[in-house]
Amino acid sequence: MKYEIYKDIKVTDDYSIFDFISIGRNGNIPKRIEFMTTEMPGFFNLAFGDIDENGEIDDYSISDNGDRNKVLATVAYAVEIYLNKYPDRWVYFRGSTLERTRLYRMAIGLNLEELSLKFDIYAEQKDGIVEFQRNIEAIGLLVKKKIV
């Protein structure tokens, strides 16, 4: 994506957790991106949100820190790093609310040409999985490293 990213990212040895600090109008807010196993082999769920006082991801919090594009670009960067490490894996994600899923879908749509060079991108719809297109309805999104 053509946006600045947070560069000070702490990554676990197995690339399953990426922690960084959102810096903005509401202060410094710790964020976490976590890739979690699912029941389907080869498919991993992307969890993302603020880190709460218990060290867990709070994916319902609204930090409104004024750095949305930088945060989303950092998430896209983490997905790229993760899939470079594990090119045979699929990453599934959706927002904790319909509005957040729409935001993710719109961010992908705005950057589709660039993202399509690196990833195969699909949308989950009520009746199945389809190739991602701009302005498509989606209840979830699925990405895999493009093999060229």
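The values are calculated or read from the model by the stated rules, or taken from the named source; none is laboratory data. Note that the structure is a prediction, hence the values are computed from the model and not measured. A quick note on method: Cβ atoms are made from the backbone with ideal geometry, for glycine too, and the neighbour counts reach across all protein chains shown.
Given the condition under 26 Å from Ser22 (Cα atoms), of a type in the set (Asp, Glu) and surrounded by fewer than 18 Cβ atoms within 10 Å (Cβ to Cβ), answer yes or no: does some residue in the range 72-82 qualify?
Checking the range 72-82: at least one residue is under 26 Å from Ser22 (Cα atoms), of a type in the set (Asp, Glu) and surrounded by fewer than 18 Cβ atoms within 10 Å (Cβ to Cβ).
Can you name every residue in the range 13-22 that is among the aromatic types (Phe, Trp, Tyr) and either assigned to a strand (DSSP E or B) or within 13 Å of the chain's Cα centre (by Cα) (or both)?
Those that are among the aromatic types (Phe, Trp, Tyr) and either assigned to a strand (DSSP E or B) or within 13 Å of the chain's Cα centre (by Cα) (or both): Phe18, Phe20.
Among the residues of the range 37-76, what is the count of those that are farther than 20 Å from Val91 by Cα, assigned to a loop (DSSP other than H, G, I, E, B) and among the β-branched types (Val, Ile, Thr)?
Residues meeting the conditions: 1.
Scan (1) over 16 Å from Tyr15 (Cα atoms); (2) touching a Lys or Arg at 6+ places or on another chain (Cβ under 6 Å); (3) surrounded by 14 or more Cβ atoms within 10 Å (Cβ to Cβ) for the single condition Gly66 breaks and write down its number.
Every condition holds for Gly66 apart from (3).
Of a type in the set (Asp, Glu), assigned to a loop (DSSP other than H, G, I, E, B) and closer than 16 Å to Ala78 by Cα, is that true of Glu34?
no
Among the residues of the range 116-148, which ones are outside any strand (DSSP E or B), within 19 Å of Arg100 (Cα to Cα) and not β-branched (Val, Ile, Thr)?
Lys126, Phe132, Gln133, Arg134, Asn135, Glu137, Ala138
Return the residue satisfying two criteria in turn: it lies in the range 86-117 and is over 24 Å from Gly42 (Cβ atoms) and of a type in the set (D, E, K, R), and of such residues it is nearest to the chain's Cα centre (by Cα).
So, considering only residues that are over 24 Å from Gly42 (Cβ atoms) and of a type in the set (D, E, K, R), the one nearest to the chain's Cα centre (by Cα) is Arg100.
In the set Leu72, Leu83, Leu98, Leu46, which member is free of Cβ contacts under 8 Å to residues at least 24 places away in the same chain, under 28 Å from Glu113 (Cβ atoms) and of a type in the set (A, V, I, L, M, F, W, C)?
None of the others qualify; the one that does is Leu98.
Residues in the range 23-43 that are crowded, with 18+ Cβ neighbours inside 10 Å, within 15 Å of the chain's Cα centre (by Cα) and not charged (D, E, K, R): how many?
Final tally of qualifying residues: 2.
So if I check each of Gly95, Gly140, Gly42, which one is modelled with pLDDT under 95, small (Gly, Ala, Ser) and either farther than 21 Å from Asp19 by Cα or in contact with a Ser or Thr (Cβ under 6 Å, 6 or more places away or on another chain) (or both)?
Checking each option against the conditions leaves just Gly95.
Looking at Asp50, Asp13, Asp58, which is the one that is under 27 Å from Lys146 (Cα atoms) and of a type in the set (Asp, Glu)? Please lay out each step first, then the result.
Details: Asp50 fails: under 27 Å from Lys146 (Cα atoms); Asp58 fails: under 27 Å from Lys146 (Cα atoms).
After applying the criteria, what remains is Asp13.
Specify the residue that is surrounded by the most Cβ atoms within 10 Å (Cβ to Cβ); the eligible residues are those in the range 108-141 that are of a type outside the set (Asp, Glu) and in contact (Cβ under 8 Å) with a residue 60 or more places away in the chain.
Leu115
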